[in-house]
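Visitor: I am attaching a structure below and will ask some questions about it afterwards.
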Amino acid sequence: MLKAKLVRVFAEAVLATALVAAPVGVGFATTPQDSSASPESQKLTPEQRMNRRYPQPVKVGFLVGLPVLDGRDSTYGYIREVVRTPEGKIVLVVPYRAWLGWAPTDWGRKTVAVPLETVAILARQVAALDFSPEDFAAAPAYAASGTALPADETIRIAVYRR
């Protein structure tokens, strides 16, 4: 008898919660990352998209050696250095290979300059949010131009969460 009453009270509580939440429109919270498919965000520049991802300060030395991942958590390569170009843009130098990007050998790799505005940090890895596999493949091989940033310099990088 007591068990049946508890089950009935629980069912009523769940039903009441559903009825209260339905008209209010309770749903999943969205973040700037989730809204990247909206038409107005497609018109944003990479710098504007980065600023919507809550950029945070990080030491350059912390980024060197981190993997750069795609949307399926496949590794493109590891950050070799962080460089400021003559135009003032910051790029991540990543040796890229389409297959076996995680492998420690440099055989078959092309070094690519990935703009800082197109990536975001996610714990101890970097997600290439706006730099697709096609962008990696089409990017020219990086020719050393610009100044490598020292490990103790602080830059701002977007933050990403899933």
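The values are calculated or read from the model by the stated rules, or taken from the named source; none is laboratory data. These numbers were taken from a predicted model, which means no experiment stands behind them. The area values use the complete protein model at the heavy-atom level, side chains included, leaving out ligands, DNA and RNA. Shrake-Rupley method; radii C 1.70, N 1.55, O 1.52, S 1.80 Å.
Visitor: By how many nm would the segment from Asp135 to Thr154 lengthen if fully extended, with 0.36 nm per residue of separation less the alpha-carbon distance?
Guide: Working: separation 19, 0.36 × 19 = 6.84 nm, distance 2.69 nm.
Additional length available on full extension: 4.2 nm.
Visitor: Residue by residue, what Karplus-based ³J(HN,Hα) values in Hz, rounded to whole numbers, does region 69-78 have, using 6.51, -1.76 and 1.60 with θ = phi - 60° and x for Gly and Pro?
Guide: Calculated HN-Hα couplings, in order: 10, 8, x, 9, 6, 8, 8, 6, x, 10 Hz.
Visitor: Please list, in chain and number order, the residues 5+ apart from Tyr76 or on another chain whose amide H is under 5 Å from its amide H, with Hs placed from the backbone.
Guide: Val68, Leu69, Asp70
Visitor: Return the long-range amide H neighbours of Tyr96 (sequence gap of 5 or more, or a different chain), with a cut-off of under 5 Å between placed amide H atoms.
Guide: Amide H to amide H, under 5 Å and 5 or more residues apart or across chains, Tyr96 pairs with Lys110, Thr111, Val112.
Visitor: Using protein chains only and a probe of 1.4 angstrom, how many square angstrom of Glu134 are accessible, to the nearest 10?
Guide: My reading of the accessible area for Glu134 is about 120 Å².
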